[in-house]
Amino acid sequence: MSGTLYDKIWDSHYVGSREDGLDLLYIDRHLLHEVTSPQAFEGLTLASRKPWRLEANLATVDHSIPTTDRSKGLEGIEDPIAREQVEVLDLNCKSFDIRYFDMLDHRQGIVHVVGPEQGATLPGMTIVCGDSHTSTHGAFGALAHGIGTSEVEHVLATQCLVQQKSKNMCVEIQGPLNESCSAKDIILALIRNIGTAGATGHTIEYCGDVVDNLSMEGRMTICNMSIEAGARAGLMGIDENTIGYLEDRPFVPQGELWNRAVDYWMTLNSDSNAVYDTKVTLDASSLSPQISWGTNPEMVIGVDETVPSPNDFGDEDKSETASRALAYMDLTPGTPISEVALDKVFIGSCTNARIEDLREAAKVARGRKVASNIKNAFVVPGSGLVKRQAESEGLDDIFRKAGFEWREPGCSMCLAMNNDRLYPGERCASTSNRNFEGRQGHLGRTHLVSPATAAASAIAGRLADVREFI
Amino acid sequence: MDRANVDTDQIIPKQFLKSVKKTGFGDNLFDAWRFLDEGEIGKTNRQENPEFVLNHMRYRDATVLLARRNFGCGSSREHAVWALMQYGFRCVIAPSFADIFYNNCINNGLLPVALSEAEVEGMFKATSSDDPLVASVDLETQQVTYGISSPMSFSIDPGSRKRLLEGMDEIGLTLREADKIRSFERQHRMAMPWLFNNNP
Ligand code: SF4
């Protein structure tokens, strides 16, 4: 055998081809949320179709709910349009009988945090969700695709995804990793190297000693941002770490079935002579903490570098994009990035709102104070269970004492569909995954960073080098 | 639209994703670029940005959108494709597209045409005259023609081409394979029983 992990999962889920020659891939798990599902449920209803396999589906709310007090439930959502969206998901889950963690359920959270945490994400699975960051689940050796709303409807009705096989890309990350760097710094550096379209048409498989030594949380952070490199899915092989994380989670198999599953899961790695269409190596040993300076996730520099000039980019296209980004971000070439002052800080999102991320941020925040020029510094846990865990470790206390706001779980300022947002001209250090124009609020300016760098920046009131804080 | 990496957050900003309907997105296509004031669902009397290309008189009725590489990157929101179509676009021409966006186009009947960087550059040059550029895009023959230039061919997989030409019911088409899916499912359940009925 000489297959990649991707080839193996594809083969074990290949149903056959349709009359029109397109391939059908069987889907084991379908995750749903309020933004990309309403039109899909409407489509099903209009065509009098039923979900193919109910228990494959799991829904929660995350994108448009408030992160402030939830005690009033639906009534507490001030924005009537957002309230309707949540209400419609409530109704759809009820009438279609879909397993649902509603906004009052303690297991509610960002869909890509909830899946793995519940053990609803298992190795070797095919997983889809109407959200591009579904790639997160690839950390468990699951083939996980983000899909559009038509495809959400299609998967609900047929349990299959119409899919073309992608190419295989191997990204090897060599270490050792510096203590000051985390998974977020690695993935930002990778996207800086290969570009936002660097992996288009590919499924990325990450390997190398750095990946082997990462926690599952760190692995999820890397797979999460595969989409920002243009890949539709990111994958990692299975090891003891993966199995250890999953053991005893609510949705995982029990008893004899668990043993059988583990035996199979441990075979889910690429063969040593597997062939990749593209290979990339990233040397993480010389990495410094990474910060994005522009308006797409490849515009990244090290914290010890200065804001680049449009002339630094060889091709005309790129230098024009750079000048537009510099204007939008209001940055002057040559300025040390660590001198750039901030208005807000956001620690959260499906990239960096798991327990380990909060621990890393808390380590920096402990016993310190958020700078007075920072208007808000939000910490938004990825799920109700992450929030509980953090509170049991006293992290909420550390954050509150330092002057951070401790919020209820959700997507929050990652895409600012609720009231957590930037106002025109405001600048934010954010642990999320996209720095597009207006992503965190109309005319807002986003710098993507790791949780530790975000915490250090809140304390310093500017983009800061976390190495000064440890 | 002379930009690379146009992302779906620009095509339709998030505040419009709160709608539970499939219509009404065209008015807010490229909202943050097209208008000077901040948009909200249902807001009228907007202040147009005269600088933005789609607001130029000669592009008002454009049905083909010309852009640079990696068009449609970012979020998977299908609302981006709905917005482009409801605004009046039938086709997007660019050197490359992001994967999810490309699929969303096919699923909704918006034609994504990938031409080479040089061909796209040629078309941009041709748009610099005062008159609107008239181009014809023929999916049957897979060719784009404009002015006196010779036709440029583009490739598209036969399945997608057929779906676009015939506007088929995707789900219906897959459900014709229901027996195949059922028998796959039976065998899958035997091989990996832990994937079934394990909800706590
Ligand atoms: S946290 Fe951000 S990127 Fe993740 S699912 Fe929510 S909105 Fe999307």
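Count the DSSP beta bridges whose two residues both fall in the protein assembly as shown, then state the antiparallel fraction as a percent rounded to the nearest 5.
If I count the DSSP bridges inside the protein assembly as shown, around 30 percent turn out antiparallel.
How would you order A:324-336, A:279-291, A:127-139, A:151-163 from highest to lowest mean count of nearby Cβ atoms within 10 Å?
By packing density, highest mean first, the sequence is A:127-139, A:151-163, A:279-291, A:324-336.
Express the C-alpha Rg of the range A:192-248 as a ratio against the empirical globular expectation 2.2 N^0.38 Å, rounded to two decimals.
That works out to 1.20 for the range A:192-248.
Residue by residue through the range A:125-141, what is 3J(HN,Hα) from phi via Karplus (6.51 cos²θ - 1.76 cosθ + 1.60, θ = phi - 60°)? Round to whole Hz and write x for glycine and proline.
Couplings: 6, 9, 10, 10, 7, x, 6, 5, 7, 4, 3, 3, 5, x, 4, 9, x Hz.
Does the range A:286-387 come out rounded, prolate or oblate by the C-alpha gyration tensor, with a ≥ b ≥ c the root eigenvalues, rounded set by a/c under 1.5 and, if not, prolate when a/b is larger than b/c and oblate if not?
It is prolate, given that a/c is not under 1.5 and a/b is the larger ratio.
Which residue fluctuates the most in chain B, going by a Gaussian network model with Cα springs under 10 Å, if the choices are B:31, B:169, B:99?
Fluctuation is largest for B:169.
What would the Debye equation give as log₁₀ I(q)/I(0) for the protein assembly as shown at q = 0.06, 0.07, 0.09 Å⁻¹, counting only Cα atoms as equal point scatterers?
Result of the Debye calculation: -0.30, -0.42, -0.72.
Over the Cα atoms of the range A:1-112, what Rg and Dmax result, in angstrom?
Rg then Dmax for the range A:1-112, in Å: 17.7, 57.
State the Cα centre-to-centre distance between the range A:338-396 and the range B:61-83 in whole Å.
35
Note down the nm distance, to one decimal, between modelled labels 7 Å out along Cα→Cβ at residue B:169 and at residue A:263.
Here the answer is 4.5 nm between the modelled labels.
Enumerate the amide H contacts of residue A:100 below 5 Å, restricted to partners 5 or more residues apart or on another chain; note that Pro and chain-start residues carry no placed amide H.
Residues meeting the criterion, in which the H sits 1.01 Å from N, are A:59.
Amide H neighbours of residue A:307 under 5 Å, at least 5 residues apart or on other chains, H built in the peptide plane: list them.
When sequence neighbours closer than 5 places are left aside, the close amide H contacts are A:334, A:335, A:337.
Using 7 Å Cα-to-Cβ label points, what is the residue B:180/residue B:2 separation (nm, one decimal)?
Inter-label distance under the simple model: 4.8 nm.
Taking only DSSP H segments of four or more residues, each worth -39500 (n - 2.57), what value at 222 nm results for chain B once the sum is divided by all its residues, to the nearest 500 deg cm²/dmol?
Only helices count here, giving -9000 deg cm²/dmol.
Is there a simple number for the mean count of other chain Cβ atoms within 10 Å of the Cβ of residues in A:292-299, and what is it?
Mean shielding by partner chains, rounded to a whole number: 2.
Quick one: Debye curve from the C-alpha atoms of the range A:312-470, no solvent, what's log10 I(q)/I(0) at q = 0.08, 0.12 Å⁻¹?
At q = 0.08, 0.12 Å⁻¹ the computed log10 ratios are -0.22, -0.49.
For residue A:142, enumerate residues with amide H under 5 Å from its amide H, sequence gap 5+ or separate chain, H modeled in the peptide plane.
A:124, A:236
I need the semi-axes of the equivalent ellipsoid of the range A:388-430: take the C-alpha gyration tensor, multiply each eigenvalue by 5, square-root it, list largest first in whole angstrom.
24, 13, 7
If I model a spin label at residue A:55 and residue A:241 as a point 7 Å from the Cα along the Cα→Cβ vector, what separation in nanometres do I get?
3.2
Using just the Cα positions, wrap the range A:92-245 in a convex hull and report its mean projected area in square nanometres, one decimal place.
Over every viewing direction, the Cα hull of the range A:92-245 projects on average to 10.1 nm².
Would you please put A:222-233, A:441-452 in order of how densely packed they are, using the mean number of other Cβ atoms within 10 angstrom per residue and starting with the highest?
A:222-233, A:441-452
Once you average over the residues of A:124-132, how many Cβ atoms of partner chains fall within 10 Å of each Cβ?
3
Only Cα pairs under 8 Å and at least 6 apart count here; give the relative contact order of the range A:125-203 as a rounded whole percent.
Answer for the range A:125-203 is 22 percent.
Return the sequence-ordered ³J(HN,Hα) values of the range B:157-171 in whole Hz as given by the Karplus equation 6.51 cos²θ - 1.76 cosθ + 1.60 applied to θ = phi - 60°, using x for Gly and Pro.
For the range B:157-171, the Karplus curve yields 6, x, x, 5, 4, 5, 4, 5, 6, 9, x, 7, 7, 3, 5 Hz.
Could you state, as a whole-number percent, how many of the C-alpha pairs of the range B:8-84 are farther apart than 15 Å?
Result for the distance tail: 57 percent.
Between the range A:118-166 and the range A:38-79, what's the alpha-carbon centroid distance in Å?
The two parts, judged by their Cα centres, are 18 Å apart.
Under the definition of partner shielding as Cβ atoms of other protein chains within 10 Å of a residue Cβ, what is the mean value for peptide A:308-321?
1
Residue by residue through the range B:6-19, what is 3J(HN,Hα) from phi via Karplus (6.51 cos²θ - 1.76 cosθ + 1.60, θ = phi - 60°)? Round to whole Hz and write x for glycine and proline.
Along the range B:6-19, the couplings run 5, 9, 5, 5, 7, 4, 9, x, 4, 5, 8, 7, 6, 5 Hz.
Select from B:183, B:63, A:250 the residue farthest towards the positive end of the dipole of the protein assembly as shown; place +1 on Cβ of Lys and Arg, -1 on Cβ of Asp and Glu, and compute about the Cα centre.
A:250
Taking the Cα atoms of the range A:363-420, report the difference between the largest and smallest coordinate on each principal axis, in whole Å and largest first.
For the range A:363-420, the Cα spread along each principal axis is 31, 30, 13 Å.
Need one word for chain B: rounded, prolate or oblate. Basis is the Cα gyration tensor (sqrt eigenvalues a ≥ b ≥ c); a/c below 1.5 gives rounded, then a/b vs b/c decides.
Oblate.
Values quoted throughout were computed directly from the atomic coordinates according to the rules given, and no laboratory measurement underlies them. Every value quoted in this text rests on a predicted model; they were computed, and no experiment measured them. Positions of Cβ are generated from backbone atoms using ideal geometry, with glycine treated the same way; all protein chains shown enter the neighbour counts.
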